[in-house]
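See below for the structure under consideration.
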Amino acid sequence: MQQILTGILFLTGLALAAPAAEAFEDDQIPFCIRPPHDTVCAEVPRDQLDFDRAFVYNVLSENAQFPFDNFSWQSFVALNWPVDDTGEPLADIIGTAPTNTRNWHSLLQQDQIFKPRENVGACRDDDTYPVLKTGAFHQASGEVLIDRYLNYVVYDTRINQVAADYIRNRNLMSKKGQSINATSSIPISFPLGTYEDDENLSGGTQGALIIKTSWRVLLPEHVDESSKRYFTMPGHIELAASDSADNTARCLSVHLAMVGMHINHRTQSGNGDRWIWSTFEHVDGAPLATNARDPNSIYEQPLFADGCTGPDSVDRDFVFYDPDCPDCASNHIKTQDWRWAMSPPYAAAYGSFGTQVVRCWDLFEHTERLNNLWHRKLDDVAPGSIWQNYFLISTQWKGNYGGGIFGDGEVPRFLTNSTLETYGQYDENGTCIGCHAEARTTADQDANFSFLLRLAN
């Protein structure tokens, strides 16, 4: 009988909420995973227990989505917590110690696991202050994002020690190792985060964790002002000869401002074996399209047949949107041989403005409500904190069996970050789980949702 009922609910597109996930009250938000829950903390949650696999969730609902969204916020705050020189979280609250390294900075960059790129400008390792070193400026689609000041957005990908150890122990960092794995009967399965004591949320281990961040390259005259609204840090851009205008490998010293962040957890509960996908943006990134759709509006096909329309007026200066050109094609860029100039603005050769970006999907109303509560708390513990300028777009998780308009069963059905997947917002593959479900190793073995394994050499 239960199976029949579940099937009917699935076909009609209704969402059932598990009794464990009750509607949340504004004064009962667990800002920290451990007591006391009424303040923010530096502990990254290990599992998402407030979920019932017996229910089918086809669309977003308040009491089903809340524990996932709050899990995302707990993770975002903890990962961005300031740490000392040894990597230990400071007693100072987030929003203080603006020049300190963040918790995520101790995670390993992909070049520390896989073979680094060849023929790039060698940037020095500076131990006197934290520096973000990266050479990545292409999105997964191969395209680039250019801000209104004609500078590229750059990207940084990191994995925790748990995921790194798994890759090394299975010898997945090499093509040869991946070939051997493909001939075995053992599937690739990254470690799951879990608690030893589910009641008190204690013990256990952190599962595999992957984060990806996006960064504006600031013009020198914007550094001081941007530090009041963004998390900023010095950066070194390692350019291959094929990426620079004069065909010379170089290292560029810049200042960076974080504009987006993905956080991917693998957990034991909450269907987290398909990973839990959290994505954040900065409020000054891009405006909402005038024809933006509710995230539960997944039935009308095709998605945004005429694209996403920019607003005629905006309430702030967005770094990826020109209000004087609302009819400019949004979320579109012509593929070119993208190269960096030797001085800022680094992408000035490619136009007079940059990329016109709008957000095609509106926020789920209860995600927006939770954002406001977290912003209020962050302002309460550290008035004027830059961290209240970041907001959760959504958290995606496996909620149903998939098929047809329900894709791979992900909730919400579509999820993209306008700074990390700018050009896939109205694509049928504009979904974290749906896209990453296709990830394969270099030996064509299922890669457990990780495209990182394609970097094997």
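Read-outs throughout are calculated quantities, based only on the coordinates presented, and are distinct from any laboratory measurement. Predicted model only: the values in this text are computed from it and were never measured. Neighbour counts run over all protein chains shown; Cβ positions are idealised from the backbone, glycine included.
Structure above, values below:
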{"quantity": "Listed peptides 149-158, 195-204 by packing density, highest first (mean Cβ within 10 Å)", "calculated": "149-158, 195-204"}
{"quantity": "Cysteines not pairable in the chain (beta carbon separation under 4.7 Å absent)", "calculated": "Cys432, Cys435"}
{"quantity": "Rounded to whole Hz, the Karplus (6.51, -1.76, 1.60) HN-Hα couplings of the stretch 222-237, x for glycine and proline", "calculated": "9, 4, 5, 5, 5, 5, 7, 10, 10, 7, 10, 7, x, x, 10, 9"}
{"quantity": "Whole-Hz ³J(HN,Hα) from phi, Karplus 6.51 cos²θ - 1.76 cosθ + 1.60, for the stretch 82-97, glycine and proline x", "calculated": "x, 10, 8, 5, 9, x, 7, x, 6, 5, 4, 6, 4, x, 10, 6"}
{"quantity": "Length-normalised contact order of the stretch 2-455 in % [C-alpha pairs under 8 Å, at least 6 apart]", "calculated": "18"}
{"quantity": "Interchain or long-range residues, amide H under 5 Å from His255's placed H", "calculated": "Leu218, Gly235"}
{"quantity": "Sorted by Cβ neighbour density within 10 Å, fewest at the top, the residues Met173, Met342", "calculated": "Met342, Met173"}
{"quantity": "Estimated 222 nm signal from helices in the chain, with DSSP H stretches of n ≥ 4 weighted -39500 (n - 2.57), rounded to 500", "calculated": "-4500 deg cm²/dmol"}
{"quantity": "Listed residue pairs exceeding 24 Å between alpha carbons, taken from Lys133/Lys176; Lys228/Lys334; Lys212/Lys398; Lys133/Lys228; Lys334/Lys398", "calculated": "Lys133/Lys176; Lys228/Lys334; Lys334/Lys398"}
{"quantity": "At R0 = 25 Å, FRET efficiency that the Cβ-Cβ distance of Ala97 and Ser253 yields, to 0.05", "calculated": "0.65"}
{"quantity": "Per-residue HN-Hα couplings for the stretch 352-358 [Karplus 6.51, -1.76, 1.60; θ = phi - 60°; Hz; x = Gly/Pro]", "calculated": "9, 10, x, 8, 8, 10, 10"}
{"quantity": "Value of relative contact order over the stretch 249-308, rounded to a whole percent, pairs C-alpha under 8 Å and six or more apart", "calculated": "25"}
{"quantity": "Inter-label distance, nm, simple model (7 Å from Cα along the C-beta direction), Lys115/Tyr401", "calculated": "4.5"}
